[in-house]
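Student: Encoded as C-alpha cells, here's the structure I'll be asking about.
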Amino acid sequence: MSENKDPHVAQSDAAVKFVYDFTEGNRDLKDLLGGKGANLAEMTNLGLPVPPGFTITTEACKTYLASGEEPVELRDEVSAHLDALEQKMGKKLGQANDPLLVSVRSGAKFSMPGMMDTVLNIGLSDKSVTGLAKQSGDDRFAWDSYRRLIQMFGKTVMDVDGELFEDALEAAKAAKKVTVDTDLEAADLKKLVTKFKKIVKTEAGRDFPQDPREQMDLAIRSVFESWNTDRAKLYRRQERIPGDLGTAVNICSMVFGNLGPDSGTGVAFTRDPASGHQGVYGDYLTNAQGEDVVAGIRNTVALADLEQIDKKSYDQLMQIMETLETHYKDLCDIEFTIERGQLWMLQTRVGKRTAGAAFRIATQLVDQGLIDEAEALQRVNGAQLAQLMFPRFDEDAKVTQLGRGIAASPGAAVGKAVFDSYTAIKWSRSGEKVILIRRETNPDDLDGMIACEGILTSRGGKTSHAAVVARGMGKTCVCGAEDLEVDTKRRRMTVGGTVVEEGDVVSIDGSTGKVYLGEVPVVPSPVVEYFEGRMHAGADDADELVGAVHRIMAYADRVRRLRVRANADNAEDALRARRFGAQGIGLCRTEHMFLGERREMVERLILADADEAREEALKELLPLQKRDFVELFEAMDGLPVTVRLLDPPLHEFLPDITELSVRVALAESRKDSNENDLRLLQAVHRLHEQNPMLGLRGVRLGLVIPGLFTMQVRAIAEAAAERKNAKGDPRAEIMIPLVGTVQELEIVREEAEQVIAEVEATTGVALKLALGTMIELPRAALTADQIAEAAEFFSFGTNDLTQTVWGFSRDDVEASFFTAYLEKGIFGVSPFETIDKDGVGKLVKDAVKAGRATRPDLKLGVCGEHGGDPESVHFFHEVGLDYVSCSPFRIPVARLEAGRAASESAGSDHR
Ligand code: PEP
Ligand code: MG
C-alpha cells in the first residue's frame, strides 16, 4: 500500500458501511447505530415483531456535520437498503396504488431531547394518499395519515411554526363542533390537508415535496442537523455527553395505530420506574399514532385496560416484556403499536428510573438471579444516592392540599408558582425558588425545567415529556394533576374556588403526586435516618429502599480500596461523619476555632507590637484550642484526624474595613476616639491585600507570626497526650497548608518537632504525630519529590490547586463568568465541582508518582471539595490515592463511588 495516500480515499477503500439493516446490528453497536437502532436490531434478532427497516450510522452524520454534505456513498447504500425493504414489503416507497410508507427517527447513542422529532408516514403524496385509502379501505385513515405527515414534516423538516398547524386543526374541530381529532371525518381531514399545504407553501416558500424519496432524504438530513440544535447542545452539556458523537437515523416501515378501534399505540415499562415493582405499567391510546400517547392530546388508558380491549395483543406484549427483561436484565421501556390486532414493537431501551427505583431494581435483580452484586453496584450511582438523602415533606404537618396528580419523579419541592419557562429562569437567577407550572411541557421548556425546583403539569401521564425529562434530571415532578386549571396566559391556576397566582408559594410531592398551597415543612429522608443509625435496615418499619441501600453500601464497602474521611472541625460533625461511615478526619480547618468570642483574642494577637503581648494572646488561645482537639480526638478515637494549621489571611479575623473606618470617623467627629479602634484600623490597613488568596496566608503566616503555629502544635500534642492518659487512642496528623517549597515545610517541621518533644517530656507520654502537608499550589505539585522528603503525608487541596492552576479566583469566578463558559461549552461542569483531569488532575497524578518515588510509604489523600464528587472519586481511585475526604453529608456518596470505581477497574483488568 502506498504510504502517502489521501486519507479520504483510504477511508472509502476500507469500505466504510454507512447503512445497516435491522437484521445486521445488535445492542452492542450503540456508538454506530445509536441506542434506538441498536435495540431495534437486537429485538429483530430476538425474533420479536419489529417492522423491517434499516439504520444510517452515526459515522454518516459525523461526515455530514464535518463537511456539510452527506458521504458520497450514502445515497447508493440507502437505495440498496430501500430496494431490499421494498422487496420484503412487496411495495415501493410512495407507490401510487399501494404505497410503502416509512418513519424517519433520530437516535443517538444517548437519548436526548432536542433531537428531531419522528416523522411518520413518509411516502404519502397527493397521489399515494388515494392508493392508501383504497388499500386500507379507510378514507379517513389515509387522509389523517397524510395531514399528520404534512404537519410533522412541515414543522420538523421545513421549519414551519408548529402552532400554525395546531391552530388550523383546532379551527377544523371547532367548525365541526367536536373536541377530539378522531371525530374529524375524511372530508374534514382532506380539507385540512389542503390548508396544511397552503401553510407550508406560505411559510417555507416551497410546496410540500411530492417525491417520496426527496421526502426521505430531506428528513434524514434534518435528523443530522438536529444534532446541533440549541436544545440538544444544552442537554449534552448538562449531561456531559460529548458533542462529537453524532446521531444515527432509523428508517422503519410504517405500521398504523390509527386504523380504527382495533388499533392503537402505547408505551410500557417492564417495572414501575418510580418504585421498581414488577407489574403492568404504561399508557395506551386507541386509534392513535406516534407521539399522540405522550403528547397528552387525548386521555390515555392504563396499560392494564388493554387486556379488555385486545386480550391477544395484551398477552403477547406481556410475554415480550418478560423476554426483554430477562434478555436485558434490567427495566426496559417500550413503544408499541397495534395495527388491526397485530402487535408491533417500535422501540425498547433500558428505561430511565428514579433514584429510589434504581436501588430497588438493582437488588431485586440480584434476588432474581439476573445480575450479581458487582453489576448491581454499577446500576446505581452517587448522584442517585445523594438524591435519596434529600428531605421529604413532613406527613404530620398541617397542609392545604390543592389537588393530586401522578407521582412522576420523587422529591419534595417548594417554590413560587411560575407559569412559563422564561419567568422560571429569570426568577431563579435572582435567587428565587420556583415551581414551573404548565398544562404540559414540551422541549422548549427545557431551560425552565433546569432552573426550577420542581415541575407541575395538569396533563399527561408517567410517560409525558415533563415526567420523562424530570426523572432524567432527578427533578421533582407531579404531572397530570387534572383538577388544576392552568391558565398560562393569565399566569394563574384555579382549583375549585382557589386561585394560585404567579408568585404564590406551592409545594409539590413527587413521591405521592400531592400538590399543596403554601410551604410544607420537610423531614429527613429514611435513607438519612438509616445512615444516622436511627433506622435499621432489617427492622419491620424499614422500607424496601433502605434495605436496598444497605445491601449496596455493604457491597461497596467490601470492594472499595479508597478510604473515606470527613472534612470536619468539631465533635458534632465528626460524630455524624462517623455514623455515616467516615474512617477519620481528612481535614480539620482550625480557622473556625478562631471565630466567635475568640475573635477578640485573635485581634489582640494581631495588634501585639511586643513579644510579651503576642505571647499573652497565644497563651490565652492555647487551652481553648486544646479543648477543641480533645473533643475531636475523642469523637474520632482510634481513627486518624488531620488537623490543618491556620490557613486564611489574618485580616479575615478583623472587622470590615469600611465599617471600622466609619466607626473611627464618627468617633473622631465626636472627639471621642477609641485607641483600640484606631490601632485596629491601622492593622486592617496594614494587612489589607489586593489578592488575599495569593497573599499572606497558610504556611507564610506561620512563618511570619512567631508562635502561632507552635501554639497550635502544642495544643494538638497536649490534647493527644491527655487523650492517651484517658486511655484513648488519638491519631493526630499535623498538616501545613499552602506550602510551595520544601524549605517552608522544613522550618515549620523543625519547630513542630521541638514542641512535640517538649510536650512528650513534660507529660511523659510518647506521641506519634505524623507531619505532612497540603499539596495545593502548582509549585508544590511540581516539586513533590522534594517536598516528600519533609512530609509523611500529602493531602491534595484541589480547591486551591484548581484556583491556582487555572488562575481563577474561587470566590469570584463561579458567579461572574462560569455561566458563560458553561454555555459556550468551554467546560461541561465547573472545575471546582468535578476535577479537571487534564490540567489539575495531571499535576495530582504526577505528584503522586514523584512523592511515592521519594517516600514509598507516603500517605496520600485529597481534601478539596472534589473528594465528595462522584466522577472525581473515580479519578482519585485511578491515580492511587489512599483516601478521599469530604463533607460529612457526602460520605455515603464517596463510599459508594469508591466501591463502584474499585469494582469497575477490577472488571476492566480481566484479572
Ligand atoms: C483546598 O484548597 O482544597 C482545601 C481543602 O483548603 P481550603 O478549601 O480550606 O482552602
Ligand atoms: Mg486550600
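Student: In this structure, does Arg810 turn out to be touching a residue at least 24 places away in the same chain (Cβ under 8 Å), over 19 Å from Arg855 (Cα atoms), within 16 Å of ligand 1 (Cβ to nearest atom) and surrounded by fewer than 24 Cβ atoms within 10 Å (Cβ to Cβ)?
Tutor: Numbers: touching a residue at least 24 places away in the same chain (Cβ under 8 Å): yes; over 19 Å from Arg855 (Cα atoms): yes; within 16 Å of ligand 1 (Cβ to nearest atom): yes; surrounded by fewer than 24 Cβ atoms within 10 Å (Cβ to Cβ): yes.
The answer is yes for Arg810.
Student: To continue, here is another question. Is there any pair with a first residue in segment 146-173 that is assigned by TED's automatic domain parsing to the domain that holds Val193 and a second that is assigned to a helix (DSSP H, G or I) and among the charged types (D, E, K, R) whose Cβ atoms are under 6 Å apart and which are 6 or more apart or on different chains, and what are they?
Tutor: Hits for this filter: Val160/Glu203; Gly162/Lys155; Ala168/Lys195; Ala172/Asp188.
Student: Something else about it: Quick one: which of Ala556, Ala574 is touching a Leu at 6+ places or on another chain (Cβ under 8 Å), more than 30 Å from Ile361 (Cα to Cα) and among the small types (Gly, Ala, Ser)? Break it down stepwise before answering.
Tutor: Numbers: Ala556 fails: more than 30 Å from Ile361 (Cα to Cα).
Step by step, each of Ala556, Ala574 is checked, and only Ala574 is touching a Leu at 6+ places or on another chain (Cβ under 8 Å), more than 30 Å from Ile361 (Cα to Cα) and among the small types (Gly, Ala, Ser).
Student: Out of segment 807-842, which residues are in a helix (DSSP H, G or I), more than 14 Å from ligand 2 (Cβ to nearest atom) and touching a Phe, Trp or Tyr at 6+ places or on another chain (Cβ under 9 Å)? Give the steps one after another, and end with the answer.
Tutor: Here is the first cut: in segment 807-842, the residues in a helix (DSSP H, G or I) are 813-816, 818-823, 840-842.
With the extra rule that they be more than 14 Å from ligand 2 (Cβ to nearest atom), the set shrinks to 813-816, 818-823, 841-842.
Correct list: Val813, Glu814, Phe818, Tyr821, Gly841.
Student: Could you please find all residues in segment 202-231 being small (Gly, Ala, Ser) and touching a residue at least 40 places away in the same chain (Cβ under 8 Å)?
Tutor: Start the filter on segment 202-231 by keeping residues that are small (Gly, Ala, Ser), which leaves 204-205, 219, 222, 226.
Those that are small (Gly, Ala, Ser) and touching a residue at least 40 places away in the same chain (Cβ under 8 Å): Ala204, Ala219, Ser222, Ser226.
Student: Looking at Ser103, Ser79, which is the one that is in the same structural domain as Asp230 (by TED's automatic domain parsing), out of contact with any Phe, Trp or Tyr (no Cβ under 9 Å at 6 or more places or on another chain) and more than 23 Å from Tyr235 (Cβ to Cβ)?
Tutor: Numbers: Ser103 fails: more than 23 Å from Tyr235 (Cβ to Cβ).
Selected residue: Ser79, the only one of Ser103, Ser79 that is in the same structural domain as Asp230 (by TED's automatic domain parsing), out of contact with any Phe, Trp or Tyr (no Cβ under 9 Å at 6 or more places or on another chain) and more than 23 Å from Tyr235 (Cβ to Cβ).
Student: Give the number of residues within segment 873-889 that are farther than 15 Å from Phe794 by Cβ and more than 16 Å from ligand 2 (Cβ to nearest atom). If you could, list the steps in order and put the result at the bottom.
Tutor: Of all residues in segment 873-889, those farther than 15 Å from Phe794 by Cβ come to 873-875, 877-878, 886-889.
Remaining after also requiring more than 16 Å from ligand 2 (Cβ to nearest atom): 873-875, 877-878, 888-889.
The total comes to 7.
Student: Kindly indicate whether any position in segment 772-785 is within 16 Å of ligand 2 (Cβ to nearest atom), outside any helix (DSSP H, G or I), polar (S, T, N, Q) and touching a residue at least 24 places away in the same chain (Cβ under 8 Å). Break it down stepwise before answering.
Tutor: We begin by selecting, within segment 772-785, every residue within 16 Å of ligand 2 (Cβ to nearest atom); these are 772-781.
Now narrow it down to the ones that are outside any helix (DSSP H, G or I): 772-777.
From what is left, the residues that are polar (S, T, N, Q) are 773.
Checking which are touching a residue at least 24 places away in the same chain (Cβ under 8 Å) leaves us with 773.
Within segment 772-785, one or more residues are within 16 Å of ligand 2 (Cβ to nearest atom), outside any helix (DSSP H, G or I), polar (S, T, N, Q) and touching a residue at least 24 places away in the same chain (Cβ under 8 Å).
Student: Name every residue in segment 649-675 that is part of a helix (DSSP H, G or I) and touching a residue at least 24 places away in the same chain (Cβ under 8 Å), in order of residue number.
Tutor: Pass one, segment 649-675, residues part of a helix (DSSP H, G or I): 650-653, 657-669, 675.
Within segment 649-675, Leu650, His651, Glu652, Phe653, Ile657, Leu660 qualify.
Student: How about segment 582-599: which of its residues are more than 18 Å from Pro655 (Cβ to Cβ), away from ligand 1 (no atom under 12 Å from the Cβ) and among the small types (Gly, Ala, Ser)?
Tutor: Within segment 582-599, Ala582, Gly584 qualify.
Student: Out of the residues in segment 48-63 that are hydrophobic (A, V, I, L, M, F, W, C) and buried (at least 22 other Cβ atoms within 10 Å of the Cβ), state the one that is farthest from Leu29 (Cα to Cα).
Tutor: Filtering segment 48-63 for residues hydrophobic (A, V, I, L, M, F, W, C) gives 48, 50, 54, 56, 60-61.
Those still in the list that are buried (at least 22 other Cβ atoms within 10 Å of the Cβ) too: 50, 54, 56, 60-61.
Working: Val50: 18, Phe54: 14, Ile56: 12, Ala60: 15, Cys61: 15 Å.
Checking each candidate, the answer is Val50.
Student: Given the residues Lys462, Lys433, which is the only one that is at pLDDT below 85 and of a type in the set (Lys, Arg)? Give the steps one after another, and end with the answer.
Tutor: On the way: Lys433 fails: at pLDDT below 85.
Going through Lys462, Lys433 in turn, just one is at pLDDT below 85 and of a type in the set (Lys, Arg): Lys462.
Student: Starting from residues that are over 23 Å from the mean Cα position of the chain (by Cα) and among the acidic types (Asp, Glu), keep the ones in segment 841-879 and report whichever is surrounded by the fewest Cβ atoms within 10 Å (Cβ to Cβ).
Tutor: Among them, the one singled out is Asp857.
Student: Return the residues of segment 599-619 that are surrounded by 16 or more Cβ atoms within 10 Å (Cβ to Cβ) and in a helix (DSSP H, G or I); say none if nothing qualifies.
Tutor: The first filter runs over segment 599-619 and keeps only residues surrounded by 16 or more Cβ atoms within 10 Å (Cβ to Cβ), leaving 601-608, 614, 617-618.
Listed by number, the residues that qualify are Met601, Val602, Glu603, Arg604, Leu605, Ile606, Leu607, Arg614, Ala617, Leu618.
Student: Within segment 636-648, which residues are assigned to a loop (DSSP other than H, G, I, E, B), among the charged types (D, E, K, R) and within 16 Å of ligand 1 (Cβ to nearest atom)?
Tutor: Asp647 - this is the single residue of segment 636-648 that is assigned to a loop (DSSP other than H, G, I, E, B), among the charged types (D, E, K, R) and within 16 Å of ligand 1 (Cβ to nearest atom).
Student: Kindly indicate whether any position in segment 527-542 is part of a helix (DSSP H, G or I), under 18 Å from Leu365 (Cβ atoms), of a type in the set (Phe, Trp, Tyr) and not assigned by TED's automatic domain parsing to the domain that holds Ala906. Please lay out each step first, then the result.
Tutor: Step one: list which residues in segment 527-542 are part of a helix (DSSP H, G or I), which gives 527-531.
So of that shortlist, the ones also under 18 Å from Leu365 (Cβ atoms) come out as none.
Within segment 527-542, none of the residues are part of a helix (DSSP H, G or I), under 18 Å from Leu365 (Cβ atoms), of a type in the set (Phe, Trp, Tyr) and not assigned by TED's automatic domain parsing to the domain that holds Ala906.
Student: Here's a follow-up. Restricted to segment 678-693, and to residues that are crowded, with 16+ Cβ neighbours inside 10 Å and not β-branched (Val, Ile, Thr), which residue is farthest from Glu750 (Cα to Cα)? Before you say what the answer is, go through the steps one by one.
Tutor: So the first thing to find is which residues in segment 678-693 are crowded, with 16+ Cβ neighbours inside 10 Å, and the list is 680-681, 683-684, 687, 692-693.
Still in the list and also not β-branched (Val, Ile, Thr): 680-681, 683, 687, 692-693.
Working: Leu680: 33, Leu681: 35, Ala683: 30, Leu687: 27, Pro692: 27, Met693: 26 Å.
Per the stated criteria, the residue is Leu681.
Student: If you scan segment 719-736, which residues turn out to be in a helix (DSSP H, G or I), surrounded by fewer than 23 Cβ atoms within 10 Å (Cβ to Cβ) and not basic (Lys, Arg)? So that I can check it myself, show each step before the final result.
Tutor: The first filter runs over segment 719-736 and keeps only residues in a helix (DSSP H, G or I), leaving 719-725.
Subsequent filtering for residues that are surrounded by fewer than 23 Cβ atoms within 10 Å (Cβ to Cβ) retains 721-725.
Scanning segment 719-736 gives Ala721, Glu722, Asn725.
Student: Separate question: With respect to Asn97, determine if the residue is outside any helix (DSSP H, G or I) and more than 30 Å from Asn228 (Cα to Cα). First the steps, then the outcome.
Tutor: Numbers: outside any helix (DSSP H, G or I): yes; more than 30 Å from Asn228 (Cα to Cα): yes.
Answer is yes for this residue.
Student: Which members of segment 589-634 meet the condition of being among the charged types (D, E, K, R) and closer than 28 Å to Arg578 by Cβ? Don't jump to the end; show me each part of the working.
Tutor: Step one: of segment 589-634, the residues among the charged types (D, E, K, R) are 589, 591, 597-600, 603-604, 609, 611-612, 614-616, 619-620, 626-628, 631, 634.
Result: Arg589, Glu591, Glu597, Arg598, Lys626, Arg627, Asp628, Glu631, Glu634.
Student: Among the candidates Gly403, Gly411, Gly369, which residue alone is within 15 Å of Gly454 (Cα to Cα) and not hydrophobic (A, V, I, L, M, F, W, C)?
Tutor: On the way: Gly403 fails: within 15 Å of Gly454 (Cα to Cα); Gly369 fails: within 15 Å of Gly454 (Cα to Cα).
Exactly one residue qualifies, and that residue is Gly411.
Student: Determine which member of the set Val862, Val848 is within 16 Å of ligand 2 (Cβ to nearest atom) and not hydroxyl-bearing (Ser, Thr, Tyr). Spell out how you get there, then give the answer.
Tutor: Details: Val848 fails: within 16 Å of ligand 2 (Cβ to nearest atom).
Within the list Val862, Val848, the selection yields Val862.
Student: Does Gly764 satisfy the condition of being free of Cβ contacts under 8 Å to residues at least 40 places away in the same chain and away from ligand 1 (no atom under 16 Å from the Cβ)? Can you show your working first?
Tutor: Values: free of Cβ contacts under 8 Å to residues at least 40 places away in the same chain: yes; away from ligand 1 (no atom under 16 Å from the Cβ): yes.
Taking the combined requirement at face value, the residue satisfies it.
Student: A further question on this structure: Within segment 629-665, how many residues turn out to be among the aromatic types (Phe, Trp, Tyr), crowded, with 24+ Cβ neighbours inside 10 Å and closer than 18 Å to Gly596 by Cβ?
Tutor: Restricting attention to segment 629-665, the residues satisfying the condition of being among the aromatic types (Phe, Trp, Tyr) are 629, 633, 653.
Of the ones still in play, those that are also crowded, with 24+ Cβ neighbours inside 10 Å are 629, 633.
Pick out the ones that are also closer than 18 Å to Gly596 by Cβ and you get 629.
Counting residues in segment 629-665 that are among the aromatic types (Phe, Trp, Tyr), crowded, with 24+ Cβ neighbours inside 10 Å and closer than 18 Å to Gly596 by Cβ gives 1.
Student: Name the residue, out of Ser816, Ser830, Ser795, that is of a type in the set (S, T, N, Q), under 25 Å from Asn567 (Cα atoms) and surrounded by fewer than 20 Cβ atoms within 10 Å (Cβ to Cβ). If you could, list the steps in order and put the result at the bottom.
Tutor: Details: Ser816 fails: under 25 Å from Asn567 (Cα atoms); Ser795 fails: surrounded by fewer than 20 Cβ atoms within 10 Å (Cβ to Cβ).
Only one candidate passes the filter, namely Ser830.
The values are calculated or read from the model by the stated rules, or taken from the named source; none is laboratory data. Everything numeric here is computed off the predicted structure, so don't read it as measured data. For neighbour counting, all protein chains shown are included, and Cβ atoms are generated from backbone atoms with ideal geometry for every residue, glycine included.
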